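The values are calculated or read from the model by the stated rules, or taken from the named source; none is laboratory data. None of the values given here were measured: they were computed from a predicted structure. Here the Cβ is made from the backbone with ideal geometry for all residues, glycine too, and neighbour counts use every protein chain on show. Side chains are part of the model used for accessible areas, which takes the heavy atoms of the whole protein and leaves out ligands, DNA and RNA. Shrake-Rupley method; radii C 1.70, N 1.55, O 1.52, S 1.80 Å.
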Amino acid sequence: MSTLKEILTRRPVAATIRLTVPAGGARPAPPVGPALGQYRLNLMAFCKDFNARTQKYKPDTPMSVTITAFKDNTFEFTVKSPSVTWYLKKAAGIESGSSRPGHLVATTLSVRHIYEIAKIKQSDPYCQYMSLESICKSIIGTASTMGIKVVKDLD
Amino acid sequence: MALRHFFKHLTILTSSYGFCTLSSRFIHPSLTTLFNNINPKTQPLIPAKFSLPLSHCYTSLSHPSTSTLLSPYLSVRIRCPKDIADVFSEALMCFGASSTTVDEDDNCDTSNEICIESIFPESEDVDVCISLAADSVGLKMIPSYEVKTGEHYDWIKKTQESFDPVEVTEGLWIVPVWKTPPDVKATNIILNPGLAFGTGEHPTTRLCLLLLQRLIIGGERFLDYGTGSGILAIAALKFGASFSVGIDIDPLAITSARHNAALNDIGPENFQLRLVSSNTSSPSADEHKDIQEQTSFEAVAESEHETYDVIVANILLNPLLELADDIVSHARPGAAIGLSGILSEQVPCIIDRYSPLLDNISVSEIDDWACLSGTKKLSGN
């Protein structure tokens with residue numbers, strides 16, 4: 001909950017910008033350039049900051065960033081890890097999910113894969129309060145909407 | 001073969017922007033026009049397009065970023081009900097948008113509608129994407145939208161306008177070229193940052209400049225590893241170094257640095273720049289032949305190893321870890337080495353990697369950023 005002091009000093013928000021940027025690959029080019037340049041945000045500072053914070057991810061994983069631009073040309077941003085669907089596709093080695101999820105199974109993954117993905121997702125700001133088990137359950141749910149079957153062990 | 005492709009691209013550009021004078025300028029594109037024309041005071045002539053052919057020369061030795069930097073993009077303005085704006089923008093991102101912006105200032109409508117500005121790569125099918133996104137969110141009808149082709153010079157200009165003179169420390173100012181220095185007697189570094197990193201505002205640049213002020217006493221040979229706009233190399237010369245070399249893997253950075261050196265009246269006798277390929281660390285002289293601006297900056301002998309007294313590398317964690325041996329190999333034993341571009345939490349990792357190579361490691365921090373400095377070990381490598 002925000003304190004009274006925070007509310008009083010809250011800066012007026014000019015815009016909320018969502019971007020998908022490859023980890024470690026932010027450059028002042030589209031899409032970063034036009035989206036941030038419009039609000040006169042310091043492109044280079046964002047690129048450097050973003051690249052430094054995403055060093056621990058494999059280069060070129062698409063990270064989703066949400067930037068809050070304030071009216072005084074400053075900004076704050078949060079970086080989220082790539083979407084679960086992206087991780088699942090990568091783990092299974094497929095380009096896109098099944099065309100008829102529920103009826104057609106695209107591929108199978110083992111519980112180990114789900115566990116690894118859940119561990120990465122746990123560091124996301126949204127999932128920190130969830131237990132690993134519940135994160136796994138939601139990942140399995142996403143997998144089934146993509147037509148990916150989860151088995152205990154892969155032969 | 002390649003040239004025909006350029007002309008084809010050019011006719012598309014001329015038809016969409018209605019410029020007829022482009023053809024005569026195209027014959028002799030010069031990289032410096034990119035930076036000269038970006039100055040907001042002069043007439044903007046869409047300079048980004050002139051350097052398109054040149055960017056193709058670089059694709060062999062740099063990242064693909066130089067060609068994507070100037071590639072066109074689609075800017076779409078969508079109107080949708082306010083309450084689902086957030087969810088809708090997330091959906092757009094899933095279906096192919098590169099970015100979505102929700103403006104908090106509702107100046108499009110006083111009713112419950114809000115505008116979302118979205119950017120798509122040129123190859124995306126905007127109609128399909130928007131209809132899929134609207135479908136997934138539960139909108140019954142597709143929201144109204146308009147598509148425009150993005151003009152790339154606009155945002156380059158806009159970000160440059162936001163630069164003000166910065167006082168890094170007492171007596172040291174970084175001044176953009178279109179502003180006058182507030183204190184004429186102080187050490188002023190004039191910059192035109194362009195698209196390279198290093199304007200003096202970032203904490204890491206500040207940390208490095210403060211470090212340089214301490215390390216440079218006079219007459220040293222300095223290497224700026226990952227020079228960006230050349231700010232550290234120029235600052236070293238202003239503090240009294242005898243010779244500065246800046247290297248970078250990004251050709252835009254090299255051009256920017258060269259331009260900034262000229263702005264500060266620094267000539268090739270004590271300032272040199274080298275473009276290195278990102279795979280190896282040694283400069284590749286034959287690839288430079290494609291570049292029009294072949295000045296004496298590039299004519300450097302290879303036997304430069306182990307001759308620098310001060311080295312500063314302000315890059316990122318992973319390159320610093322990978323290139324540790326190379327960075328240190330350029331220094332003479334006992335030379336001072338500074339490393340930055342790292343977050344405070346990444347410092348232990350860097351210390352681990354560099355402790356076999358450096359003595360007297362000390363860390364300074366501003367905000368979340370840290371700068372490590374040490375001296376090269378006297379014995380061994």
Nearest 100 Å² is fine: how much accessible area is buried between B and A, summed over both sides, with a 1.4 Å probe? 3200 Å²
Per residue of B:85-93, how many C-beta atoms from partner chains lie within 10 Å of its own C-beta, taken as a mean? 2
Efficiency by 1/(1 + (r/R0)^6): what FRET value for A:Asp72 and B:Ile351, r their Cβ-Cβ distance, R0 = 51 Å, to the nearest 0.05? 0.90
Order B:125-137, A:123-135 from most to least packed using the mean count of other Cβ atoms within 10 Å. B:125-137, A:123-135
Per-selection metrics, the range A:10-80 (Cα): Rg and Dmax in Å: 11.5, 35
Residue list for the range A:89-111, given a label point 7 angstrom along the Cα-to-Cβ vector of A:Ser131 and an amide N cut-off under 15 Å: none
Placing +1 at every Lys and Arg Cβ and -1 at every Asp and Glu Cβ, with all other atoms neutral, what dipole size does the range B:341-381 have around its Cα centre, in debye to the nearest 20? 360 debye
Over 23 Å apart: what share of the alpha carbon pairs of chain A falls there, rounded to a whole percent? 50 percent
Could you do me a favour and compute the accessible area per residue for the range A:84-151, 1.4 Å probe, result in Å²? 60 Å²
Do the alpha carbons of any pairs in A:Lys121/A:Lys152; A:Lys90/A:Lys137; A:Lys56/B:Lys82; A:Lys71/B:Lys185; A:Lys121/B:Lys148; A:Lys137/B:Lys140 sit beyond 26 Å of each other, and which pairs? A:Lys56/B:Lys82; A:Lys71/B:Lys185; A:Lys121/B:Lys148; A:Lys137/B:Lys140
What is the average number of partner chain Cβ atoms found within 10 Å of a Cβ in B:246-253? 0
At 1.4 Å probe size, with every protein chain present, just tell me what the per residue accessible area of the range B:73-150 comes to in Å². 51 Å²
Other protein chain Cβ atoms within 10 Å, averaged over every residue that makes up B:316-329: 2
Distance in nm between B:Val126 and B:Ile366 label points, each 7 Å along Cα→Cβ, equals 4.1 nm
Shape call for the range B:73-150 from the C-alpha gyration tensor, a ≥ b ≥ c root eigenvalues: rounded (a/c under 1.5), prolate (a/b greater than b/c) or oblate? oblate
Peptides ranked, highest mean first, by Cβ atoms within 10 Å: ranges A:71-81, B:77-87: B:77-87, A:71-81
I need the peptides B:243-252, A:53-62 ranked by packing, meaning the mean over residues of other C-beta atoms within 10 angstrom, with the highest value on top. B:243-252, A:53-62
Do any residues of the range A:20-51 lose at least 50 Å² of accessible area when the full set of protein chains is present rather than just their chain alone, and if so which, with a 1.4 Å probe? A:Arg27, A:Pro28, A:Pro30, A:Pro34, A:Gln38, A:Arg40, A:Asn42, A:Met44, A:Lys48
Please give the length that would be gained between B:Arg332 and B:Asn112 if that part of the chain were fully extended, namely 0.36 nm times their separation in residues minus their C-alpha to C-alpha distance (nm, one decimal). 72.5 nm
Using a Förster distance of 41 Å, how high is the FRET efficiency between A:Ile94 and B:Leu323, based on the Cβ-Cβ distance and rounded to 0.05? 0.70
In debye to the nearest 20, the charge dipole size for the range A:10-80, taken about the Cα centre with +1 at each Lys and Arg Cβ and -1 at each Asp and Glu Cβ, equals 120 debye
How far apart, in nanometres, would the label points at A:Ile120 and B:Glu170 be if each is projected 7 angstrom from Cα along the Cα-to-Cβ direction? 5.1 nm
Debye intensity ratio in log₁₀ form over the Cα atoms of the range A:84-151, taken at each q of 0.20, 0.23, 0.25 Å⁻¹: -0.73, -0.92, -1.04
